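S.K.: Quick one: the structure is below, questions incoming.
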Amino acid sequence: MSEIITIANQKGGVGKTTTAINLAASLAVAEKKVLLIDIDPQSNATTGLGFHRSDYEYNIYHVLIDRKKLSDVILKTSLPTLHLAPSNIGLVGVEKEFYDAKTKGRELILKNKIAEIKNDYDYIIIDSPPALGSITINALSASNSVIIPIQCEFFALEGLAQLLNTVKLIKRTINPNLEIKGFLPTMYSNQNNLSKQVFADLKQHFKNKLFLDKKSSSYVVIPRNIKLAESPSFGKPIILYDVTSTGSQAYQNLANSILAS
């Protein structure tokens with residue numbers, strides 16, 4: 001049975017899509033069958049895996065409005081065990097089209113669509129938009145757990161309470177099985193005192209929800225890394241772009257921590 005994990009944070013620029021792409025790829029390299037679902041209208045996870053609008057006719061938008069099954073839009077990637085359900089800017093209009101207060105079960109549309117392919121994968125990773133709107137609520141309602149990337153910079157914890165309250169509300173009302181899998185410090189720099197302070201705050205408040213690299217007995221932290229920043233422009237996850245980079249090693253450590261949990 002697959003584990004469904006949403007990567008969520010209503011703040012933009014925190015490494016959410018980078019985490020979705022590279023966690024999915026690292027799990028796939030570990031010989032797990034993985035589906036990455038891109039439900040962000042910006043479709044950065046889709047382009048980050050080397051796909052462009054002309055490469056596919058249908059996407060997750062057509063699934064959500066019930067024109068296609070999820071299995072109809074899935075694309076194969078350069079990693080044999082990693083598949084992608086692509087997104088498109090058209091997803092912006094999805095809320096107006098079917099998120100009517102009278103629409104019964106509107107928070108469970110994605111969950112119901114995933115049900116048909118759920119047993120085909122070990123892990124399903126969902127890249128959600130940087131907002132706590134209906135699309136993100138659909139993702140959380142469909143998931144077993146959520147990973148929350150936290151940028152190690154100023155205002156990092158701003159708005160976090162709102163996200164945690166949303167998770168609690170969904171757990172109480174729609175998805176009682178939803179858990180916070182962990183907080184993931186991103187864009188960390190050893191040379192930056194602010195990075196160290198934000199990481200220290202995370203350890204103080206969420207120590208039991210940080211990912212542990214059991215080999216080194218240290219917490220998993222995603223560093224600032226040039227190769228990690230470059231890889232999306234080449235349409236590759238970091239593990240295929242530069243496997244020896246610190247960014248690649250960090251995401252492999254994250255995958256190992258999840259596999260061991």
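The values are calculated or read from the model by the stated rules, or taken from the named source; none is laboratory data. Please read these numbers as outputs of a predicted model, since none were measured by experiment. Quick reminder, even Gly has a Cβ in these numbers, built from the backbone with ideal geometry, and neighbours come from all protein chains shown. Remember, those area values only see protein heavy atoms, side chains included, never the ligands or the DNA or RNA. Shrake-Rupley method; radii C 1.70, N 1.55, O 1.52, S 1.80 Å.
S.K.: Any chance the range 122-141 includes a residue that's free of Cβ contacts under 8 Å to residues at least 24 places away in the same chain, of a type in the set (Asp, Glu) and either over 17 Å from Thr19 (Cβ atoms) or open to solvent by less than 30 Å² (accessible area, probe 1.4 Å) (or both)?
M.R.: Within the range 122-141, not a single residue is free of Cβ contacts under 8 Å to residues at least 24 places away in the same chain, of a type in the set (Asp, Glu) and either over 17 Å from Thr19 (Cβ atoms) or open to solvent by less than 30 Å² (accessible area, probe 1.4 Å) (or both).
S.K.: Here's something else I'd like to know. Of all residues in the range 177-211 being of a type in the set (A, V, I, L, M) and without any contact (Cβ under 8 Å) to a residue 40 or more places away in the chain, which is farthest from Val146 (Cα to Cα)?
M.R.: Looking at residues that are of a type in the set (A, V, I, L, M) and without any contact (Cβ under 8 Å) to a residue 40 or more places away in the chain, I get Ala200.
S.K.: Give the residues of the range 211-242 that are over 15 Å from Leu23 (Cβ atoms) and either assigned to a strand (DSSP E or B) or among the hydrophobic types (A, V, I, L, M, F, W, C) (or both), sorted by residue number.
M.R.: Leu212, Ser218, Tyr219, Pro223, Ile226, Ala229, Phe234
S.K.: Consider Ile148 carefully, then state whether it is surrounded by 15 or more Cβ atoms within 10 Å (Cβ to Cβ) and over 16 Å from Ala20 (Cβ atoms).
M.R.: Criteria not met by Ile148.
S.K.: Tell me yes or no: at least one residue of the range 189-209 is surrounded by 20 or more Cβ atoms within 10 Å (Cβ to Cβ) and closer than 29 Å to Thr46 by Cβ.
M.R.: No: the range 189-209 contains no residue that is surrounded by 20 or more Cβ atoms within 10 Å (Cβ to Cβ) and closer than 29 Å to Thr46 by Cβ.
S.K.: Separate question: Give the residues of the range 10-25 that are at pLDDT 95 or above and in contact with a strand residue (DSSP E or B) (Cβ under 9 Å, 6 or more places away or on another chain), sorted by residue number. Even if it seems obvious, please write down each step before you answer.
M.R.: Within the range 10-25, the subset at pLDDT 95 or above is 16-25.
Answer for the range 10-25, where residues must be at pLDDT 95 or above and in contact with a strand residue (DSSP E or B) (Cβ under 9 Å, 6 or more places away or on another chain): Lys16, Thr17, Thr18, Thr19, Ala20, Ile21, Leu23, Ala24, Ala25.
S.K.: OK, next. Mind checking which residues of the range 168-188 are open to solvent by 80 Å² or more (accessible area, probe 1.4 Å) and either touching a helix residue (DSSP H, G or I) at 6+ places or on another chain (Cβ under 6 Å) or basic (Lys, Arg) (or both)?
M.R.: Step one: of the range 168-188, the residues open to solvent by 80 Å² or more (accessible area, probe 1.4 Å) are 168-169, 172-173, 176-177, 179.
Within the range 168-188, Lys168, Arg172 meet the criteria.
S.K.: May I pose another question? All but one of (1) in contact with a strand residue (DSSP E or B) (Cβ under 6 Å, 6 or more places away or on another chain); (2) within 30 Å of Ser78 (Cβ to Cβ); (3) crowded, with 19+ Cβ neighbours inside 10 Å hold for Asn225, so report the exception by its number.
M.R.: Among (1) in contact with a strand residue (DSSP E or B) (Cβ under 6 Å, 6 or more places away or on another chain); (2) within 30 Å of Ser78 (Cβ to Cβ); (3) crowded, with 19+ Cβ neighbours inside 10 Å, the lone unmet condition for Asn225 is (1).
S.K.: Follow-up question, since we're still on this one. Within the range 129-138, is there a residue that is at pLDDT 95 or above, of a type in the set (Ser, Thr, Tyr) and either outside any loop (DSSP other than H, G, I, E, B) or closer than 14 Å to Ile37 by Cβ (or both)?
M.R.: Checked the range 129-138: no residue is at pLDDT 95 or above, of a type in the set (Ser, Thr, Tyr) and either outside any loop (DSSP other than H, G, I, E, B) or closer than 14 Å to Ile37 by Cβ (or both).
S.K.: Taking the range 158-205 as the search range and keeping residues that are part of a strand (DSSP E or B) and among the β-branched types (Val, Ile, Thr), which one is nearest to Gln249 (Cα to Cα)?
M.R.: Thr186
S.K.: For Ile5, are the conditions met, namely being over 22 Å from Thr186 (Cβ atoms) and out of contact with any Gly (no Cβ under 8 Å at 6 or more places or on another chain)? Talk me through it step by step, then tell me what you get.
M.R.: Details: over 22 Å from Thr186 (Cβ atoms): no; out of contact with any Gly (no Cβ under 8 Å at 6 or more places or on another chain): yes.
Judged against the criteria, Ile5 is not a match.
S.K.: Taking the condition surrounded by fewer than 20 Cβ atoms within 10 Å (Cβ to Cβ), in contact (Cβ under 8 Å) with a residue 40 or more places away in the chain and of a type in the set (Lys, Arg), does Lys214 pass?
M.R.: Answer is yes for this residue.
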